[in-house]
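Report on one structure; see the data block that follows.
The values are calculated or read from the model by the stated rules, or taken from the named source; none is laboratory data. A quick note: this is a predicted structure, and the numbers were derived from the prediction, not measured. A quick note on method: Cβ atoms are made from the backbone with ideal geometry, for glycine too, and the neighbour counts reach across all protein chains shown. Heavy atoms of the whole protein, side chains included, go into the accessibility calculation; ligands, DNA and RNA do not. Shrake-Rupley method; radii C 1.70, N 1.55, O 1.52, S 1.80 Å.
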Amino acid sequence: MMTRTCSEKIIQALWRSPIAMMAALPLWATPPAEIATVRPELATLARNYREMPTPARRTALESYAKTHSGETNGALARLALGVAAYEQRDYAAALENLHGLAAKLPRIADYVAYYQGAARVEAASELDAVGPGLEIVHSDDPGSPSALPESPLAGRAWILAARALKPSQPAEAVRLLRAHYAELPEPEGDINLADCYQAAGDLAHAADFYQRVYYSRISGDAATRAAAALLTLKDTMGAAFPHPLPEQLLRRADLMLDAGKYVEARREYEALTGQLVGLPLEQARVRMGAADVLRGNTVAAYPYLRGLEISESEADAERWFYIEECARRQKDEDGMMAAVKRLGKLYPHSPWRLRALVSVANHYLVTNRRAELASLDQSVYSDFSESPQAAQAHWRIAFEAYLANSPDAAGLMRDHLQKYPGHATAGAALYFLGRMAERGEDYPSAAAFYKELAEGRPNTYYAVLAREHMAGGEVKGAGVSAKTAEFLATIRSPVARPVPAEATAATATRIERSRLLRSAGLADLADAELRFGARIDAQPALVAMEMATAAEAPYLGLRDMKSLNSDYLNLPLERAPQKFWKLLFPLPYREQLMTSAKAVGLDPYLVAGLIRQESEFNPEAVSRANAYGLTQVKPVTGREYARRAGVLRFTNRVLFQPAINLKIGATIFRSMLDSNNGSLEETLAAYNAGPNRAAEWRSWNTYREPAEFVEAIPFTETREYVQAVLRNMDVYRRLYTELNR
């Protein structure tokens, strides 16, 4: 009964404003009198001091701690001072502030203990006390009434304990880390294990673990430390120094290639050709050419790769893939297809053949070469049926059949639903099956397809269209076909997790701990606590709501919600509270948005949906294409439209001002909408990919309805963008009915 009462309080608090939450924290097993005294000003003082540790800010926080010394607030202020001192490497001050806090903050005693241990290790002081002091971090005995939940700091605490043991008992430090190896965060676990092995005089194992770090990381402190340690060990050990494995040597060069460091990667591969033999040697030689291809130097790569003599192996398959890429980039279609055919003959099931098929298919897709595309798509889903690319390839075949009114279109779409029910294209298949049924005057079947779509994938673009068709015409009163419903019952559609009506004890505990940390200005630790809880024992939707409500800006809260609620598009609105949805679909700058939209005759819901997709309501957003602010306006375009929008003095910086960005963005979109005869779909495609591309795509076919044009957009990013904005618009309309007033 007590657990249920606390859980109900947690849920109620989740749907209040952040300040109200702070004033009425329903903390698990904490006296209500103390809870009510936790004030948001403490969080502000602590956060400001951590961000800019000036003497004045430290004095203000110390004064707060002294004034509230007998309360939870005072202990939290001292925790903030201790953590800040540790971050500033003032370990003596950290220990002074953290002393005795574990007893005053029992629900987050593991955090106190961890920072005490960390300060002692860094200061090389009281090392004997580190291990015993960290025992509470690993104390999760469910039978103990005061037990803490599993701590996010547990793995790092083992590393601290080992570091404390290393000077006097290095062999024991090694044993400790090996015993808890699976819990250690990497690369910190391996680098510290290597340090301990070295201190214990076991240089062979030390070299092994330093190599694990060095050959799996190309940047960061651990990689730098490992590189320096390996140089020392090589000099010390001489002939006994263990040579790295060929796989390790290649991995480091591959990491450089993956990171876009093409010149460095090529140099690394070239150096390896004198050290490797067999398949690794051939892979290094091929990847020298790959580095040139990826940095755009196909003039050098093409003849180099064609001239390489490689045995029949995956290295040769990789070579033919990059030969295909050279040919494609040089617009040599004969050479491109010759490479694809060679892969099909020699390496029919190689992942390099799959990559080549997908690459060439995309080439034909964006150039509207449908016949060639169909052949490649057929190979992808026939020969690589379990690959992630198979669903999209199969869908393109089915949709092309639909556009051509092929008699096998319905069968292909039904087959697509059965094979790929969880793929994003399944919603499109349901919709277009419904449209075919409508055209065939089989209205009950159409109703069944639309109903499945609207109920099973309710917050998607095609669900919006399905609801429109269900609301009017012959479908509205048709009833549902039992035969079609029977077929749909065989489809394993994704099922969204409903948002729980109440918190479990584990969730309540995680939220309590996060709020204590957040009250101390330790928002980063609070969010890490919640994310850890979502992975281990807490309810993701509820901890996401907690994080999002406490976030410093709506766009940050939106990102938190997305990251922990990946299936929300399949969740009906009524299966979660409005607070959940409004955190996922926030509407800051509401008045400015409404004013700007209505001034140019745009639907405010449309503008909100566009901004959510463009910038997530981050007014300081800057895209890779150098577009600014809420509506992502490029400065040159903003200058062109500024006067038309009533902005008389324009600078690039004004695009970061929400009111001005909204005015200019709405004016630009209105102009583009007029240019496209009021077509939202074409305008959105042009807004994302550019007017010329959108016009070209429109000319590829005679589309019977906008949805056909949207589904035919060859750029995945643009197609998904158009669908997302229109879906967002629908959700905003259903959530914020007050905008109609």
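At 1.4 Å probe radius, can you tell me the per residue accessible area of the range 379-532 in Å²? Please list the in-between numbers first.
On the way: 6070 Å² over 154 residues.
Accessible area per residue: 39 Å².
About the Cα centre of the chain, what is the dipole size in debye to 20, counting +1 per Lys and Arg Cβ and -1 per Asp and Glu Cβ, all else neutral?
Its charge dipole is roughly 1940 debye.
Please work out whether the range 47-99 counts as rounded, prolate or oblate from its C-alpha gyration tensor, where a ≥ b ≥ c are the square roots of the eigenvalues and a/c under 1.5 means rounded, while otherwise a/b larger than b/c means prolate and anything else oblate?
Numbers: a/c = 2.02, a/b = 1.25, b/c = 1.62.
Cα axes put the range 47-99 in the oblate bin.
Probe radius 1.4 Å, ligands and nucleic acids ignored: give me the carbon and sulfur share of the accessible area of the range 498-618 as a rounded percent. Display every interim value, and only then the final one.
Details: 2070 of 3870 Å².
In the range 498-618, the share of accessible area belonging to carbon and sulfur is 54 percent.
Would you kindly find the accessible area of E705, with a 1.4 Å probe and non-protein molecules such as ligands, DNA and RNA excluded, rounding to the nearest 10 Å²?
So the heavy atoms of E705 present about 30 Å² to solvent.
Quote the charge dipole size of the range 328-469 about the Cα centre in Debye, to the nearest 20; the model charges only the Cβ of Lys and Arg (+1) and of Asp and Glu (-1).
On the way: 18 positive and 16 negative charges, 122 e Å.
With only Lys, Arg, Asp and Glu charged at Cβ, the dipole is about 580 debye.
What residue among V647, H243, A65 has its Cα farthest toward the positive end of the dipole of the chain, where the charges are +1 on Lys, Arg and -1 on Asp, Glu, each on the Cβ?
Toward the positive end, the furthest listed residue is V647.
For the chain, what is the mean residue ellipticity at 222 nm derived from helices alone (per DSSP H run of n ≥ 4: -39500 (n - 2.57); sum divided by total residues; nearest 500 deg cm²/dmol)?
Numbers: 42 runs with 492 residues, N = 741.
Computed ellipticity for the chain at 222 nm equals -20500 deg cm²/dmol.
Can you tell me the relative contact order of the chain? Whole percent, Cα pairs under 8 Å, sequence separation 6 or more.
Numbers: 1039 pairs, mean separation 65.0, N = 741.
Taking the mean separation of contacting Cα pairs over the length of the chain, I get 9 percent.
Order H349, H243 by their accessible area, 1.4 angstrom probe, all chains in place, largest first. Present the calculation step by step, with values, prior to reporting the outcome.
Working: H349 135, H243 160 Å².
Accessible-area ranking of H349, H243, largest first: H243, H349.
If you roll a 1.4 Å probe over the range 82-135 with all protein chains in place, what percent of the accessible area is carbon or sulfur? The partial results should precede the final answer.
Numbers: 1100 of 2350 Å².
Ligands and nucleic acids excluded, carbon and sulfur reach 47 percent.
Leaving out ligands, DNA and RNA but keeping every protein chain, what accessible area does E135 have, in Å² rounded to the nearest 10, with a 1.4 Å probe?
In the full protein context, E135 sits at about 130 Å².
Hey, what D do you get for the chain in µm²/s if you plug the Kirkwood alpha-carbon radius into Stokes-Einstein at 10 °C and 1.306 mPa s?
Working: Rh = 30.2 Å.
Using the Kirkwood radius from Cα pairs, D works out to 53 µm²/s.
By its C-alpha gyration tensor, with a ≥ b ≥ c as the square roots of the eigenvalues, how is the range 91-184 shaped: rounded for a/c under 1.5, else prolate for a/b larger than b/c, else oblate?
On the way: a/c = 2.29, a/b = 1.13, b/c = 2.03.
Verdict is oblate for the range 91-184.
Note down the relative contact order for the range 93-170 as a percent, whole number, built from C-alpha pairs under 8 angstrom at least six residues apart.
Details: 90 pairs, mean separation 21.9, N = 78.
Once normalised by length, the contact order is 28 percent.
Across the range 325-335, in residue order, what do the Karplus-derived ³J(HN,Hα) couplings come to in whole Hz, using 6.51 cos²θ - 1.76 cosθ + 1.60 with θ = phi - 60° and x for Gly and Pro?
5, 4, 4, 4, 5, 8, 6, 9, 5, 5, x
For the chain, build the charge dipole from Cβ charges (+1 Lys, Arg; -1 Asp, Glu) around the Cα centre, then report which of S699, S514, L556 sits farthest towards its positive end.
Comparing the listed Cα positions along the dipole, S699 ranks first.
Given S566, L281, T667, which one lies farthest toward the positive end of the charge dipole of the chain, if we put +1 on the Cβ of every Lys and Arg and -1 on the Cβ of every Asp and Glu?
Going by the charge dipole, the pick is T667.
Mind listing the long-range amide H neighbours of V633? Cut-off is under 5 Å, sequence gap 5 or more, other chains count too, H placed in the peptide plane at 1.01 Å from N.
So V633 has HN proximity to Y628.
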